[in-house]
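The values are calculated or read from the model by the stated rules, or taken from the named source; none is laboratory data. Since the model is a prediction, treat every value here as computed from it, not as a measurement. Ideal geometry is used to build each Cβ from the backbone, glycine not excepted, and the neighbour counts take in all protein chains shown. Side chains included, ligands, DNA and RNA excluded: accessible areas come from the protein's heavy atoms. Shrake-Rupley method; radii C 1.70, N 1.55, O 1.52, S 1.80 Å.
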Amino acid sequence: MKKTLIKNANIVNEGVIFNGDILIEGEYIKKIDKSLTPKSADVLVLDAEGKYLLPGVIDDQVHFREPGLTHKGNIETESKAAIAGGITSFIEMPNTNPQTTTIEKLEEKFEIAAKTSSANYSFMFGGTNDNLDEILKLDASKVAGLKLFLGSSTGNMLVDDPEVLKKIFESTNLRISVHCEDEGTIKKNLQEHIEKYGDDIPLRQHPKIRSEEACYLSSSKAIELAKQTGARLHVFHLSTGKETELFDNSIPLKDKKITAEVCTHHLWFSDEDYDKKGTLIKWNPAVKTAQDREQLWEALLDDRIDVLATDHAPHTLEEKKNVYTKAPSGGPLVQHALPAMLEMYHREKISLEKIVEKMCHNPAILFEIDRRGYIKEGYYADLVLVDLSNPWTVKKDNILYKCGWSPFEGTTFKSRISHTFINGNIAYQNAKFSKNTYAKRLTFNR
């Protein structure tokens, strides 16, 4: 059995940082102690002096574009970028081509990931106006959850029938993750802007088209429906300060039925960046004002927002260079999300312990993921070793996404990921990948 001993690490876990050693045997963390000595010559010893050891990040929302949209990215390319960014497990979304709205199509994606993924994987099942029968057949122990688009999306999986929506909410115990933007409000706003500007609408108008009102109207309705039906609701990618008022921090996460996520880009960028970044920061929901960004930070830090994720959604630069009405929304983030949050730690915006809570512990709690998200004896050894004082700049030649660009290009991060462990194996070390992949399908304690 393969054994690795990590020595002298600053271990960040469950709200504390302590110096210690970790013995990995096979896929699992065997022993955590202040000082461990290798018992045999076959133990690989890794000195982590001065570095910080975090649990592997669990990203609860990515779009890896396979099948059907693989000119933008695929499970192989994007999962490699993910482990270079310290993300050891991901949950991928259903708006591929074909959409993941039947159990057959879901299993086909699992088969692809089993062959090509560098990170541990699971998938959301997509709800539509007419697939309730398939939803009811799902095995809750084998799928991450259910995803509903309550606003238009790539692939247009809009669920806009109120009766169907209520039936889904009443009929499943799976956590229902939702994209909340009110379609009627957006269509009205878009038409007004097209009449004024034509197709080449200035990007700074994007948050006025996909407005605070559109977000709040949709998320408040979803929450009201969840309260009526008792459904477990997770609202993806909050983008407005107003929406944060809808969420609660008075009970532990494991007891919450209504939860929320925020994404890297809504914590980093604001509408002041549109003139410089243009369509590269065109997301749905839109990046909003600096005040919204500050309110999102407040809600993340006081636990009204539970999870910090990426909504990684690559498009080619050629696609992004189109005029406003034709440029797709979304951007690649998995390689840079953790370095960006570590940068916010350097700016004294968030603690290392809080980063780990929101990016590692809480996704594991929320989706009841088996033995991941923590540094604990008996847990899978999904670990990330970070050097907090090893600066690097995001450049074309170190961007790993298939699309070849990043909204962070030109940004210098103070922190660098030196090692990523997947199921006890070093999958990424000092900018080099293992020739082998060690990923496993996520399982759930349900």
- Looking only at segment 104-134, which residues are open to solvent by 10 Å² or more (accessible area, probe 1.4 Å) and of a type in the set (A, V, I, L, M)? Ile112, Ala114, Leu132
- Note on the structure: Expected single match for open to solvent by less than 50 Å² (accessible area, probe 1.4 Å) and over 18 Å from the mean Cα position of the chain (by Cα) among Asp397, Asp387, Asp382 is Asp387
- Does segment 193-206 contain at least one residue that is farther than 28 Å from Thr289 by Cβ, open to solvent by 40 Å² or more (accessible area, probe 1.4 Å) and out of contact with any strand residue (DSSP E or B) (no Cβ under 6 Å at 6 or more places or on another chain)? no
- Query: What is the number of the single condition among (1) closer than 23 Å to Asp303 by Cβ; (2) more than 21 Å from the chain's Cα centre (by Cα); (3) not in a helix (DSSP H, G or I) that His237 does not meet?
  - Reply: (2)
- Output the number of residues of segment 289-304 satisfying the condition of being within 18 Å of Gly15 (Cα to Cα) and among the β-branched types (Val, Ile, Thr). 0
- Note on the structure: Over segment 410-419, the set of residues under 18 Å from Pro332 (Cβ atoms) and under 20 Å from the mean Cα position of the chain (by Cα) is Phe413, Ile417
- Answer yes or no as to whether Lys72 is crowded, with 22+ Cβ neighbours inside 10 Å and assigned to a loop (DSSP other than H, G, I, E, B). yes
- Say we look at segment 207-217 and pick out the residues that are touching a residue at least 24 places away in the same chain (Cβ under 8 Å) and assigned to a helix (DSSP H, G or I); which of these is most open to solvent (accessible area, probe 1.4 Å)? Glu213
- Checked pairs for segment 435-446, first closer than 15 Å to Asn120 by Cβ and of a type in the set (S, T, N, Q), second in a loop (DSSP other than H, G, I, E, B) and open to solvent by 80 Å² or more (accessible area, probe 1.4 Å), C-beta under 8 Å and 6 or more apart or across chains, list as Thr443/Lys142
- Message: Checking the condition in contact (Cβ under 8 Å) with a residue 12 or more places away in the chain and either within 15 Å of the chain's Cα centre (by Cα) or over 26 Å from Ala381 (Cβ atoms) (or both), which residue from Phe110, Phe123 passes?
- Response: Phe123
- Positions within segment 274-294 being crowded, with 19+ Cβ neighbours inside 10 Å and either assigned to a helix (DSSP H, G or I) or of a type in the set (A, V, I, L, M) (or both), in sequence order: Tyr274, Thr279, Leu280, Ile281, Ala286, Val287, Asp292, Arg293
- Do we have any residue at all in segment 344-354 that's more than 30 Å from Lys276 (Cα to Cα), open to solvent by 40 Å² or more (accessible area, probe 1.4 Å) and assigned to a helix (DSSP H, G or I)? yes
- Item | Odd one out for Gln61 among (1) assigned to a loop (DSSP other than H, G, I, E, B); (2) over 20 Å from His419 (Cα atoms) | (1)
- If you take the residues of segment 299-318 that are in contact with a Lys or Arg (Cβ under 8 Å, 6 or more places away or on another chain) and open to solvent by 20 Å² or more (accessible area, probe 1.4 Å), which of them is nearest to Ile176 (Cα to Cα)? Leu301
